[in-house]
Amino acid sequence: MIRKSRKDSAKSRNAIMFAAWEGVGKAGYLAAEFLIKAMDARPAAEIDSSEYIYPSGIIIENNVIKQMIFPESIFYSAEYQGKNFIIFPGKFQFPITKEMPASSNPAYQYACKILDAAESLGCREIFTAGGIFTMIHHSMDSGTAWGSNDPFKMTELNMTLSGEYGLKDILHPKTAFITGMNGILPYAASDRELTASVLLGEVPIYLQSLPSPYPKASKSILKSFAAATGITFDYQEIDAMIKDSDREIETLMSNFKSSLPPKERRSIFKGIELLKKKPDFKNLDKVFEDIMENRDVQDNEGLSEICENRSPLSDKSEELTQEDVKQAIVDIESFFRQENDK
Amino acid sequence: MKRRYKIRKQVDSFPVAENSPAIILWQDDPNGTKVLMKMIDESEDLRPFIVFGSPEFRPTEGIDLNPGGLKRNDSVFLESGKRPGNIFFFGNKPEFCQSEYIDGMLNILQDCGTISCIYTISCIPAQTSHRHPRKSLFIFNSEQCRQRFNEKFKNIKNKEFSTMPGMPQEAPSINLYLAWKAAQRGIDCVNVIIESPFYSVISEDVAAETEAMRIIKKLTSGRYRKDEKADLIAQHQKEALDLIIKRSEDLTDYVEKIESGEMLSFEEMQLIISEIKRIIGEPHD
């Protein structure tokens, strides 16, 4: 059931929807929260998600169940710089795997319900947003990866975003699988010929267990969204969050550094420093896959080349191996996970 | 009502429930219910009538329906041979589509006839001593259900909790979700939760399972026959834990703290578990 607020019952025309869920670095969700505030967006509709979503809380009084709490599914709408926008900060992410059939699973049905509501609010185009782990160093600005269910839109995004924010076409056959609702919503949108694109902000691969959000990725999403839709923002607030986040990461890294014996410290931190060179993403694909799947890093010509020729650490005695880089990432990730568990 | 549950295997004769209870157990509960399921199987002469589930709910590795003993890796509905109409469900918790899965379970139960009440049985690790009797907590899916239960089972002791389990910010267990969904259909459901010392979760807590069995027997109107073998194992477990705890002054202090009603910190709890694990080694299936 779609409940519309009275104030916004007249539907907006040609609205662009920005939908995001909590996930990698909370990047998309944080961007959605920023948009609601920056655009002064107001609740416009709500859908009942109890059929699809596992409850997020329960209230029990004197041993009797009083209430089951489900994550909210609220659509916010705003008119901003002469354009209509709908923002949907999704509070529940489905554990979708490649093996799950699309049309029969509740994630797809939930996506259809979101699209029904969006269309009833006058939505003509959709952007979903989230984070993506890449071989980037946390001191660097995040870039954005993008994809679209519409080849014309893809060309447009390539032209608009490639220069400043460019990473690569994530819908390349090898890397086409986008997990969760960020992937399933554009998929469901294709079935009704609605253009939907995905914006993914970069999060360093070794920060998988960072307990707090990664606002640099959110900023890259927002910049890409602004460029793609022809609007502008004042990023002061998110810049302040980035400063705080940088400080927190530096503190954690420094704690990690001091917990290591000097020899190990040098090797691990050199491995991470290497990422500052922002090596060609393509060359690191194999290493990246190995790390994500927790396999031993296989011999990889691209990375060897980076290690041997492009590394600032060209002294033979301090030469880094592929294993050093992988080990550095895995060790930091593991340290952050432990910090998180505390 | 949509009938979207997947029945993987079904026998011809369906049970006829006439105001009968249904008992729900999960095979993959963290504390394990293997002993309990074996006890129920032996005393109730169980007859499986539906194997339930689908890869959409949880990846399955196959089905092994062996009427001579419980050896299953899928969810299964069974009828008591001793008390026809009484239904048991030994499930594997769904990883996806939980709402649909529970709807499917409730559809099957309603297809069996009139269910007086659904009882879910589980154990939770708690700050309780292995030397104390296991206590039980009951969560009801409505005030009326609570009243009916209290009138029917005056002798069952109930421990009151004001906040646990279930907080506004914490996802409920599948049993609580089931109870809530049952209430939407007007079916009574009681979550029976038996406390087990948190440091005995590293092995099957037979004392908790014997207590669960005793409660199940009362709920299903069966007479509880003392299981001497299980009692003996529980006694051995208690003595083994006594021996381990006596070997360390810290452990002795911590257990005495628990017995005096003091709450241990998370670090202290971890310390007890790791010390016991160190002494007896990791459990084996």
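Among the residues of segment B:125-151 satisfying the criterion of being within 14 Å of the chain's Cα centre (by Cα) and within 14 Å of another protein chain (Cβ to nearest Cβ), which is surrounded by the most Cβ atoms within 10 Å (Cβ to Cβ)?
Within segment B:125-151, the subset within 14 Å of the chain's Cα centre (by Cα) is B:125, B:134-139.
From what is left, the residues that are within 14 Å of another protein chain (Cβ to nearest Cβ) are B:135-139.
Numbers: B:K135: 16, B:S136: 20, B:L137: 18, B:F138: 23, B:I139: 26.
Across segment B:125-151, the extreme among qualifying residues is B:I139.
Out of curiosity, is A:K223 under 18 Å from A:T251 (Cβ atoms) and in the same structural domain as A:T128 (by TED's automatic domain parsing)? Working first, answer last.
Values: under 18 Å from A:T251 (Cβ atoms): no; in the same structural domain as A:T128 (by TED's automatic domain parsing): yes.
Answer is no for this residue.
Quick check on my filter: what residues within segment A:41-52 are within 14 Å of chain B (Cβ to nearest Cβ) and among the β-branched types (V, I, T)? Walk me through how you get there before you give the answer.
Of segment A:41-52, the ones within 14 Å of chain B (Cβ to nearest Cβ) are A:48-52.
Listed by number, the list is empty, since nothing qualifies.
Given (1) within 17 Å of A:F18 (Cα to Cα); (2) within 15 Å of the chain's Cα centre (by Cα); (3) hydroxyl-bearing (S, T, Y), identify the lone condition not met by A:Y187.
(2)
So in segment B:87-105, with the set limited to residues that are outside any strand (DSSP E or B) and more than 14 Å from chain A (Cβ to nearest Cβ), which one is modelled with the lowest pLDDT?
Within segment B:87-105, the subset outside any strand (DSSP E or B) is B:92-105.
Keeping just the survivors that are more than 14 Å from chain A (Cβ to nearest Cβ) gives B:92, B:105.
Details: B:N92: 82, B:M105: 91.
Here the answer is B:N92.
Looking at segment A:134-159 only, could you name the residues that are of a type in the set (A, V, I, L, M, F, W, C) and surrounded by 21 or more Cβ atoms within 10 Å (Cβ to Cβ)? Give the steps one after another, and end with the answer.
Here is the first cut: in segment A:134-159, the ones of a type in the set (A, V, I, L, M, F, W, C) are A:135-136, A:140, A:145-146, A:152, A:154, A:157, A:159.
Within segment A:134-159, A:M135, A:I136, A:A145, A:W146, A:L157 meet the criteria.
Scanning for something touching a Leu at 6+ places or on another chain (Cβ under 9 Å), under 27 Å from A:M159 (Cα atoms), buried (at least 16 other Cβ atoms within 10 Å of the Cβ) and at pLDDT 70 or above, does segment A:246-259 turn up at least one residue? Before you say what the answer is, go through the steps one by one.
Taking segment A:246-259 as the starting set, the residues that turn out to be touching a Leu at 6+ places or on another chain (Cβ under 9 Å) are A:248-249, A:252.
Filter once more, so that each one left must be under 27 Å from A:M159 (Cα atoms): none.
Scanning segment A:246-259, I find no residue that is touching a Leu at 6+ places or on another chain (Cβ under 9 Å), under 27 Å from A:M159 (Cα atoms), buried (at least 16 other Cβ atoms within 10 Å of the Cβ) and at pLDDT 70 or above, so the answer is no.
Being closer than 19 Å to B:A212 by Cβ, part of a strand (DSSP E or B) and among the β-branched types (V, I, T) is the filter here; which residues of segment B:108-137 pass it?
B:I118, B:T120, B:I121, B:I124
Filter segment A:1-54 down to the residues that are closer than 27 Å to A:Y235 by Cα and of a type in the set (S, T, Y), then identify the one that is modelled with the lowest pLDDT.
Of everything passing the filter in segment A:1-54, A:S12 is modelled with the lowest pLDDT.
So, of the residues in segment B:168-209 that are surrounded by fewer than 23 Cβ atoms within 10 Å (Cβ to Cβ), in contact (Cβ under 8 Å) with a residue 40 or more places away in the chain and among the polar types (S, T, N, Q), which turns out to be nearest to the other protein chains (Cβ to nearest Cβ)?
The qualifying residue nearest to the other protein chains (Cβ to nearest Cβ) is B:S173.
Any idea which residue in segment A:25-40 is nearest to the other protein chains (Cβ to nearest Cβ), counting only those that are surrounded by fewer than 22 Cβ atoms within 10 Å (Cβ to Cβ) and aliphatic (A, V, I, L, M)?
Going through the qualifying residues, I end up with A:I36.
Out of all the residues in segment B:40-86, which are at pLDDT 50 or above and part of a loop (DSSP other than H, G, I, E, B)? Reasoning before the result, please.
Filtering segment B:40-86 down to residues at pLDDT 50 or above leaves B:40-54, B:73-86.
Result: B:D45, B:G53, B:S54, B:N73, B:D74, B:G81, B:K82, B:R83, B:P84, B:G85, B:N86.
The values are calculated or read from the model by the stated rules, or taken from the named source; none is laboratory data. Nothing here was measured: the structure is a model prediction, and the numbers come from that model. Neighbour counts are summed over all protein chains in view; Cβ atoms, including those assigned to glycine, are modelled from backbone coordinates with ideal geometry.
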